[in-house]
Amino acid sequence: MFSKPKDWVFSDPRLLDLKQDYSAYTPEDFKVWKILFERQMPNLPKAACEAYLEGVEMVKFNADEIANFEKLNKILADTTGWQVQVVPGLIDDDLFFGLLNNKRFPSSTWLRKMEQLDYLEEPDMFHDAFAHMPLLTNPHYTGFLEKISGIALKYIKDPYAINILSRIYWFTIEFGLIRENGELKIYGAGILSSAGETKFSLSDEPLHLPYDVRTIMNQAYWKDKYQDRYYIVDSLEQLYGSLPEIEEVLEEMLAEKEIRS
Ligand SMILES: [Fe+2]
């Protein structure tokens, strides 16, 4: 079991002195943000969930201004109390979950290049900011992030447990759908930052399955192509409310593995 004090993450040397240097963004960066923003934003009033659409108004994202973390942090401080923490791209699991468990959302500050508009191997700040940050104004979304990270930290030394939890994270925070007024909408950031997957995920092509913790924890996922299935929650409250079941099923799966080995 993991037993460092909860806020150890703030003095972790992997994060020291990382800040968004807004003056370092080039005209190409501004152009990339604008193209991606203008390509995706018109799709969202029909495709994104209400919490995202409310959030995007609150954080005041627009086509001409790359997300500014200083301004954003002031807005988030007054809503859910979350903050954005700059990280150097993909980070270790303990740091990732440690930040989330302390209400800090890890984000990169670099933007993809013009020739990478449609495909990226690791998330850039268009994904981290445009797709995730509006939802950081929603307390069910942030509560879920904080608590699932608390569970992950308890099992951080067990790669099997982290793999199972990452399936939940993947099929909810990154690729989750929600049913609102009888219609499918998107809250998963991996979809919201992709114009192609926005269309695909809501089409008749993939499977649309009800959110079920046990099913998802037994379901592997793909990182390099569109998902063939998406799981639908009825509300973000339902997602938040599923945390005790996630921990229960995890403990069960770990006990079963123990018996098998
Ligand atoms: Fe993400």
Take GLU245 and ARG260, extend 7 Å from each Cα along the Cα→Cβ direction, and tell me the distance between the two endpoints in nm. 2.2 nm
If you count only protein heavy atoms with a 1.4 Å probe, what accessible area per residue comes out for the chain, rounded to a whole Å²? 49 Å²
Cα gyration tensor shape for region 106-205, rounded if a/c is under 1.5, else prolate or oblate: oblate
Working out 0.36 nm times the residue gap between SER166 and TYR119, then minus their Cα-Cα distance, what length gain in nm do you get to one decimal? 14.7 nm
Please give every one of the lysines within straight-line cross-link reach of LYS223, meaning a C-alpha to C-alpha distance under 21 Å, and leave out same-chain neighbours fewer than 8 residues apart. LYS113, LYS199
Overall form of region 73-113 per C-alpha gyration tensor (a/c, 1.5; a/b vs b/c): oblate
Once all protein chains are kept in place, ILE246 shows an accessible area at probe 1.4 Å, nearest 10 Å², of 0 Å²
In terms of solvent-accessible area of protein heavy atoms at a 1.4 angstrom probe, what is the ranking of ARG229, ARG39, highest value first? ARG39, ARG229
Taking 0.36 nm per residue of separation between ASP92 and LEU184 and subtracting their Cα-Cα distance, the length gained on full extension comes to 29.8 nm
So what does TRP33 come to for accessible area, using a 1.4 Å probe and Å² rounded to 10? 0 Å²
Ranking HIS127, HIS208 from most to least accessible area with a 1.4 Å probe gives HIS208, HIS127
Inverting the mean 1/r over all pairs of different Cα atoms, compute the Kirkwood radius of region 193-233 and quote it in Å. 11.1 Å
Taking the alpha-carbon distance from LYS225 and a cut-off under 16 Å, which aspartates and glutamates remain once sequence neighbours fewer than 8 residues away in the same chain are dropped? ASP118, GLU121, GLU122, GLU174, GLU197, GLU205
With a cut-off of 18 Å, note down the residues of region 160-194 whose backbone N falls inside the zone around a label point 7 Å from the Cα of GLU50 toward its beta carbon. 177-188
Quick one: with all protein chains in place, what share of the accessible area of the chain is carbon or sulfur, to the nearest percent (1.4 Å probe)? 52 percent
Using a 1.4 Å probe and counting only protein heavy atoms, arrange THR109, THR79, THR142 so the residue with the most accessible area comes first. THR79, THR109, THR142
For region 242-255, what does the Karplus curve 6.51 cos²θ - 1.76 cosθ + 1.60, with θ = phi - 60°, yield as ³J(HN,Hα) per residue in whole Hz, taken in order and with x for Gly and Pro? 8, 4, x, 5, 4, 5, 4, 5, 4, 4, 4, 5, 5, 5
Would you work out if region 21-75 is rounded, prolate or oblate? Take a ≥ b ≥ c from the square roots of the eigenvalues of the alpha-carbon gyration tensor; rounded if a/c is under 1.5, else prolate when a/b is larger than b/c, oblate otherwise. oblate
Roughly how many Å² of LEU16 are accessible to a 1.4 Å probe, to the nearest 10? 100 Å²
With +1 assigned to the C-beta of every Lys and Arg and -1 to the C-beta of every Asp and Glu, and no other charges, what is the dipole magnitude of region 85-202 about the Cα centre in debye, to the nearest 20? 380 debye
Output wanted: per-residue J couplings in Hz (rounded whole) for region 43-54, from phi through Karplus 6.51 cos²θ - 1.76 cosθ + 1.60, θ = phi - 60°, x for Gly and Pro. 6, 7, x, 8, 9, 8, 6, 4, 4, 5, 5, 5
For region 196-261, what does the equivalent ellipsoid look like in terms of its semi-axes, each the square root of 5 times an eigenvalue of the Cα gyration tensor, given largest first in whole Å? 27, 17, 8
Could you check what % of the DSSP bridge pairs in the chain are antiparallel, to the nearest 5? 30 percent
Based on the inverse mean of 1/r over its pairs of different Cα atoms, what is the Kirkwood hydrodynamic radius of the chain, in Å? 18.9 Å
Long-range amide H contacts for GLU180: which residues qualify at under 5 Å (H placed 1.01 Å from N, peptide plane, sequence gap of 5 or more or a different chain)? LYS185
Here region 163-172 yields Karplus 3J(HN,Hα) values (6.51, -1.76, 1.60; θ = phi - 60°; whole Hz; Gly and Pro given as x) of 5, 5, 5, 5, 5, 5, 4, 4, 7, 10
Compute the distance in nm between two label points, each set 7 Å from the Cα along the Cα-to-Cβ direction, one at ASN68 and one at TYR22. 0.3 nm
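The values are calculated or read from the model by the stated rules, or taken from the named source; none is laboratory data. Please read all numbers here as calculations on a predicted model, not as lab measurements. No Cβ is skipped: glycine too gets one built from the backbone with ideal geometry, and neighbour counts run over all protein chains shown. These area figures cover heavy atoms from the full protein model, side chains too; ligands, DNA and RNA do not enter into them. Shrake-Rupley method; radii C 1.70, N 1.55, O 1.52, S 1.80 Å.
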